[in-house]
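The values are calculated or read from the model by the stated rules, or taken from the named source; none is laboratory data. These numbers were taken from a predicted model, which means no experiment stands behind them. Every residue, glycine among them, receives a Cβ derived from its backbone with ideal geometry; neighbour counts consider all protein chains shown. Note: areas computed on protein heavy atoms with side chains; ligands, DNA, RNA excluded. Shrake-Rupley method; radii C 1.70, N 1.55, O 1.52, S 1.80 Å.
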Amino acid sequence: MSEPKNTPHSSLFTPHCLLVTGGAGFIGANFVHYWLKNYPDDRVVVLDALTYAGNLANLAPVENHPGFRFVHGDIRDYDLAVNLLQDEKIDTVVHFAAESHVDRSVHSPDAFVDTNILGTHNLLKAAKKVWLDSPQSSSHSPQSSSYRFHHISTDEVYGSLGPDDPGFSEKTAYAPNSPYAASKAGSDFLVRAYYKTYGLPMTISNCSNNYGPYQFPEKLIPLIILNCLEEKPLPIYGDGLNIRDWLYVEDHCLGIDLILKNGMLGETYNIGGNCEKTNLEVVNTVCAILDELKPRNPQTSDLSPQSYASLLTYIKDRPGHDRRYAIDASKITSELGYVPQKSFASGIRKTVEWYLANQDWCQNVIDRNYQKWIEQNYSQSES
Ligand code: NAD
Ligand code: DAU
């Protein structure tokens, strides 16, 4: 088969029936909320294995929506994937499901290879069978296709930047440093290969660090919020000067929406928040917001409360810790009109407010097998 070429025809695609893998996790759930709010007549089927990171409570706001269905299952189950694509007449796969936490990939990399590489390959095989190989498939030309496979990837595949390097662009060479990043890189290459080899109509987005409601508190921002509320140490790896480009989760959903509808098939788009911050800046901002919204109890009545920032504790660095990530989002901005809507100041405040207002959600998460991880990751972490 000759290699497919990009044409502007792909900008006319309109998703109607979506399979969202990993929709019970942090970004997947936010995406499902976003989609059904903006496109209430669409069908959204979530496929999620409900690992430690998956939580049905994340989907509670949409559970009674007529277009919504939840399927408890594994992306590595080929028959299930084929049946869902066929029975639900899925036209769009938005593939979030993954093992997503770098520290866990340092402790136990196998699950990352299994889910991120083999699981993605399984979905690709299923999509190829249903969309391209069945007798009903009218055309093998992806440009005229009425299907989309959108793969969610990460900026971590590009490795680490020096202080003066330009941000990662879509042309930056892959140089993954953690087992997590390597497994995501592997899955990206498989998605690309299914386009180049078989013409599977796909797009990929590589985004920076998301934050917002429903994020599992193994990740920096919710971990810090919950530790503040429990008066626990706030663990800072190394010198706290590693830099991430923070992206409010709803802005990520907006970027995916633009790609699904207007993105060129076979292309990758980087999505960032244009918001580089050191970990110390992030943690100090969270502490300052909590000092204002939920001040600590003063030790004695004649003292004013101490800042949560006094709980900061420097601990041993993460092995292979990438120093700096930054996204050059000029391609998605110039081609698809993407502009992040949320400033860090308002996004982080909204996030802290959400965790304060959803203490039941936090308690439920903490009760579910969370303490074991905290003990495993932080017990021998003195700097
Ligand atoms: P998450 O860990 O919060 O959620 C992952 C979801 O996938 C969970 O609901 C889990 O149950 C499900 N899942 C895991 N293995 C599965 C399997 N075998 N079958 C079916 N479901 C399975 O992750 P997240 O932070 O929401 O990340 C979503 C995607 O975005 C991932 O692909 C991740 O690599 C990517 N990403 C995340 C960030 C970020 O900042 N969180 C940034 C860039 C890219
Ligand atoms: O860049 C995108 C990536 O962002 C995604 O691909 C990953 O799925 C997502 O988990 C996230 O990876 P990070 O490793 O950047 O996120 P994390 O929240 O784990 O850490 C953010 C920074 O904070 C990082 O420099 C490590 C540091 N950190 C993290 C934890 C959990 C600490 O200093 N202390 C901590 O306890």
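Among the residues of the stretch 38-52, those identified as open to solvent by 20 Å² or more (accessible area, probe 1.4 Å) and more than 16 Å from ligand 1 (Cβ to nearest atom) are Asn38, Tyr39, Pro40, Asp41, Arg43.
Among residues of the stretch 232-257 being open to solvent by 30 Å² or more (accessible area, probe 1.4 Å) and under 23 Å from Ser330 (Cα atoms), the one that is nearest to ligand 2 (Cβ to nearest atom) is Ile243. Just one of the listed residues (Pro319, Pro340, Pro295) is touching a Pro at 6+ places or on another chain (Cβ under 8 Å) and either at pLDDT 95 or above or within 18 Å of Val249 (Cα to Cα) (or both), and it is Pro295. Scanning the stretch 345-372 for residues that are hydrophobic (A, V, I, L, M, F, W, C) and over 16 Å from Gln215 (Cα atoms) gives a single hit, Ala345. Taking Thr203 as the residue in question, decide whether it is among the hydroxyl-bearing types (Ser, Thr, Tyr), open to solvent by less than 50 Å² (accessible area, probe 1.4 Å), touching a helix residue (DSSP H, G or I) at 6+ places or on another chain (Cβ under 6 Å) and under 22 Å from Lys125 (Cβ atoms). For Thr203, the condition - among the hydroxyl-bearing types (Ser, Thr, Tyr), open to solvent by less than 50 Å² (accessible area, probe 1.4 Å), touching a helix residue (DSSP H, G or I) at 6+ places or on another chain (Cβ under 6 Å) and under 22 Å from Lys125 (Cβ atoms) - is met.
Which residues, counting only those in the stretch 269-289, are free of Cβ contacts under 8 Å to residues at least 60 places away in the same chain and within 16 Å of ligand 1 (Cβ to nearest atom)? The answer is Glu276, Asn279.
Within the stretch 213-232, being farther than 16 Å from Asn279 by Cα and within 10 Å of ligand 1 (Cβ to nearest atom) holds for Tyr214, Gln215, Phe216. Among the residues of the stretch 86-109, those identified as out of contact with any strand residue (DSSP E or B) (no Cβ under 7 Å at 6 or more places or on another chain) and either buried (at least 20 other Cβ atoms within 10 Å of the Cβ) or among the polar types (S, T, N, Q) (or both) are Gln86, Ala98, Glu99, Ser100, Val102, Arg104, Ser105, Ser108. Counting only helices (runs of 4 or more DSSP H) wholly contained in the stretch 10-126, the ones carrying 1 or more residues that are within 16 Å of ligand 2 (Cβ to nearest atom) and not β-branched (Val, Ile, Thr) occupy 26-38, 102-107.
The condition of being of a type in the set (Lys, Arg), over 17 Å from Asn274 (Cβ atoms) and either free of Cβ contacts under 8 Å to residues at least 60 places away in the same chain or within 15 Å of ligand 2 (Cβ to nearest atom) (or both) holds for only one of Arg324, Arg318, that being Arg318.
Do the conditions hold for Thr203, that is, is it away from ligand 2 (no atom under 16 Å from the Cβ) and over 25 Å from Ser334 (Cβ atoms)? No.
Of the conditions (1) near ligand 2 (Cβ under 9 Å from one of its atoms); (2) out of contact with any Ser or Thr (no Cβ under 7 Å at 6 or more places or on another chain), Leu229 fails just one. Which one is it? All conditions pass for Leu229, except number (1).
Checked against (1) in contact with a Phe, Trp or Tyr (Cβ under 8 Å, 6 or more places away or on another chain); (2) at pLDDT 95 or above, Trp35 passes all but condition (1). Could you count how many residues in the stretch 66-79 are surrounded by 18 or more Cβ atoms within 10 Å (Cβ to Cβ) and either more than 8 Å from ligand 1 (Cβ to nearest atom) or over 21 Å from Phe216 (Cα atoms) (or both)? Selection size over the stretch 66-79: 2.
Check the stretch 151-174 and report whether any residue there is surrounded by 19 or more Cβ atoms within 10 Å (Cβ to Cβ), in contact (Cβ under 8 Å) with a residue 40 or more places away in the chain and charged (D, E, K, R). Yes - at least one qualifying residue is present in the stretch 151-174.
Beta carbons closer than 9 Å, at least 6 apart along the sequence or on distinct chains, pair a first residue in the stretch 208-222 that is charged (D, E, K, R) with a second that is more than 7 Å from ligand 1 (Cβ to nearest atom) and part of a loop (DSSP other than H, G, I, E, B) for Glu218/Tyr52.
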